[in-house]
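Written below as structure tokens is the structure these notes are about.
The values are calculated or read from the model by the stated rules, or taken from the named source; none is laboratory data. Note that the coordinates shown come from a computational prediction; the quantities given were computed from them, not determined experimentally. Here the Cβ is made from the backbone with ideal geometry for all residues, glycine too, and neighbour counts use every protein chain on show.
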Amino acid sequence: MPLKRAVITGIGAVSPLGSDVGEMLSGLEAQHSAVRFMEGWDAYKGLRSLVAAPAMPKDGQSIPRQSRRSMGPMSIYAVGAAEEAIKDGDLPADILKTGRVGCIIGSTMGGANSLNDVYESMSIHKDLSQLTSMKFFQCVSHTAALNVSQYLGINGVVMATSAACASGLQAIGAAYDLIRLGSQDVVLCGGAEELFPTVTASFDILFATSTKYNDRPALTPRPFDADRDGLVCGEGAGILVVEEYEHAKDRGAKIYAEIIGYHTCASGLHVSQSSKDALAASMRGALFASQIDVKDVDYINAHATATLQGDKEEAEAVREIFGDKVPVSSLKGYMGHTLGASGAIELIASLCMMRSGRIYPTKNLDRVADDCQGIWHVQKMLERSINIIVKNAFALGGLNASLVLRRH
């Protein structure tokens, strides 16, 4: 039986730049920074990075309390993004409960705010009576997937990818596989994440966060820049409707792009350091699956978080495969690193770039670092026809994912 084709027919996002895709694009067009100094974070002893990029969601009160009780912030973001994606894709409500629609949403872990509540109740107050029955559902690693599927009545395949910063892109890759194999006709997929001091602290301990710009938050993070000093955590959700091509065509859906290649792999070398060879293997695997030549790629949306090691290794991997022939940019300078949501949110922005023929530059890239030279860095808005996109997402643990998309 031949493999089926998978296309993207709807998009939705809650990001640090706004509560929907339109607001996010307006922020990108204006080259705004969503990074700000976090009031109160300086009270945490030992926390060096005091900047972050909080999401700008719509009022979560629009979700009925019966459903909202089991949702932490990341699930509320995911529901908002999913509703926008369904509306954008003009997906009929009755199709959601046919068993042929799935839901795959990744994140780094369960809700950070709720996990902290549980910790304080158990270890500090030693009073478990303060925990609600719904707190568990806010803490579990598949909280976004379970809450979105329950809220929308989805009864097909429901999964949660958990691969740190590669989670969102792995979720889209898993949806792509389900569609190709004929297991589902439609999959709502992507990633979600929420901010809390412990999230930034986990990177702070690894000396991976930006600490030099606490008094100048708009100047950080600085992907590929000579003065980069680490990542800035963000939050939000990105959800896409991935659909079997004939199914989409039969209902007259608009199609953003076709997913034509996907690959995920691990380095097996180091728990926290990126590997140029593994990053290159991820991109080569996706290109091989797509059966296209490197010269056909029009744009690479880099993972590029502004860490010293990560940006260097990614630049070397891109240079090894593409040289300086393909435009490359990172969106982290605008929205920070939205972690498990980043692959999906940034892919949505990339699809919008494909439609408009405008590539957003890497914000805060004023002087390309010596160790990031040799690739085509986009440092100002670039007008360019885009037919093929490569999107990268790389995570702690040496986990890598790359996706190739073609304009329909």
The one condition Val186 fails out of (1) in contact with a strand residue (DSSP E or B) (Cβ under 7 Å, 6 or more places away or on another chain); (2) within 27 Å of Met56 (Cα to Cα) is (2)
Of the residues in region 295-325, those that are in a loop (DSSP other than H, G, I, E, B) and either small (Gly, Ala, Ser) or in contact (Cβ under 8 Å) with a residue 60 or more places away in the chain (or both) come to Val297, Asp298, Ala302, His303, Ala304, Thr305, Ala306, Thr307, Gly323
Open item on the list: Against the condition acidic (Asp, Glu), crowded, with 24+ Cβ neighbours inside 10 Å, within 21 Å of Ala344 (Cβ to Cβ) and touching a helix residue (DSSP H, G or I) at 6+ places or on another chain (Cβ under 7 Å), how does Glu194 come out, does it pass?
Closed with: yes
Picked from region 39-61 (must be part of a loop (DSSP other than H, G, I, E, B) and hydrophobic (A, V, I, L, M, F, W, C)), the residue farthest from Val148 (Cα to Cα) is Leu47
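Table: residues versus (1) under 24 Å from Val140 (Cβ atoms); (2) within 17 Å of the chain's Cα centre (by Cα); (3) in a loop (DSSP other than H, G, I, E, B); (4) among the β-branched types (Val, Ile, Thr).
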{"site": "Thr161", "(1), (2), (3), (4)": "yes, yes, yes, yes"}
{"site": "Gly182", "(1), (2), (3), (4)": "no, no, yes, no"}
{"site": "Cys189", "(1), (2), (3), (4)": "yes, yes, no, no"}
{"site": "Leu195", "(1), (2), (3), (4)": "yes, yes, yes, no"}
{"site": "Val199", "(1), (2), (3), (4)": "yes, yes, no, yes"}
{"site": "Pro221", "(1), (2), (3), (4)": "no, yes, yes, no"}
Here the qualifying pairs (Cβ atoms under 7 Å; residues six or more apart or on different chains; first in region 226-242 and assigned by TED's automatic domain parsing to the domain that holds Leu188 and under 16 Å from Arg48 (Cβ atoms); second among the β-branched types (Val, Ile, Thr) and outside any loop (DSSP other than H, G, I, E, B)) come out as Gly230/Thr209; Leu231/Thr209; Val232/Val51; Cys233/Val199; Cys233/Thr200
From the option list Leu403, Leu339, Leu382, Leu331, single residue qualifying as surrounded by fewer than 18 Cβ atoms within 10 Å (Cβ to Cβ) and aliphatic (A, V, I, L, M) is Leu382
Residue check, Asn364 surrounded by fewer than 17 Cβ atoms within 10 Å (Cβ to Cβ) and either touching a His at 6+ places or on another chain (Cβ under 9 Å) or at pLDDT 95 or above (or both):
no
Per the filter on region 326-339, residues out of contact with any Leu (no Cβ under 8 Å at 6 or more places or on another chain) and either farther than 24 Å from Ser267 by Cα or assigned to a helix (DSSP H, G or I) (or both) are Val326, Leu339
- Given the structure, is Arg251 among the charged types (D, E, K, R), touching a residue at least 40 places away in the same chain (Cβ under 8 Å) and crowded, with 24+ Cβ neighbours inside 10 Å? no
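Counting only residues that are touching a helix residue (DSSP H, G or I) at 6+ places or on another chain (Cβ under 9 Å), more than 28 Å from Phe37 (Cα to Cα) and either outside any strand (DSSP E or B) or polar (S, T, N, Q) (or both), how many does region 223-246 have?
1
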Does region 93-111 contain any residue that is under 22 Å from the mean Cα position of the chain (by Cα), in contact (Cβ under 8 Å) with a residue 24 or more places away in the chain and surrounded by fewer than 23 Cβ atoms within 10 Å (Cβ to Cβ)?
yes
Only unsatisfied item for Leu287, checking (1) surrounded by 15 or more Cβ atoms within 10 Å (Cβ to Cβ); (2) more than 19 Å from Ala174 (Cα to Cα); (3) in contact with a Gly (Cβ under 9 Å, 6 or more places away or on another chain), is (2)
Of the residues in region 219-234 that are within 20 Å of Leu47 (Cβ to Cβ) and among the hydrophobic types (A, V, I, L, M, F, W, C), the one that is surrounded by the fewest Cβ atoms within 10 Å (Cβ to Cβ) is Leu219
Among Gly46, Gly12, Gly27, the single one that is touching a residue at least 40 places away in the same chain (Cβ under 8 Å) and surrounded by 24 or more Cβ atoms within 10 Å (Cβ to Cβ) is Gly12
task: Tell me, please, whether a residue that is at pLDDT 90 or above, more than 27 Å from Leu17 (Cα to Cα) and in contact with a strand residue (DSSP E or B) (Cβ under 9 Å, 6 or more places away or on another chain) can be found in region 63-75.
output: no
Reported set for region 1-21 where residues are over 17 Å from the mean Cα position of the chain (by Cα), small (Gly, Ala, Ser) and not in a strand (DSSP E or B) is none
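Given the condition among the aromatic types (Phe, Trp, Tyr), outside the structural domain of Pro16 (by TED's automatic domain parsing), farther than 15 Å from Asp20 by Cα and touching an Asp or Glu at 6+ places or on another chain (Cβ under 9 Å), answer yes or no: does some residue in region 334-349 qualify?
no
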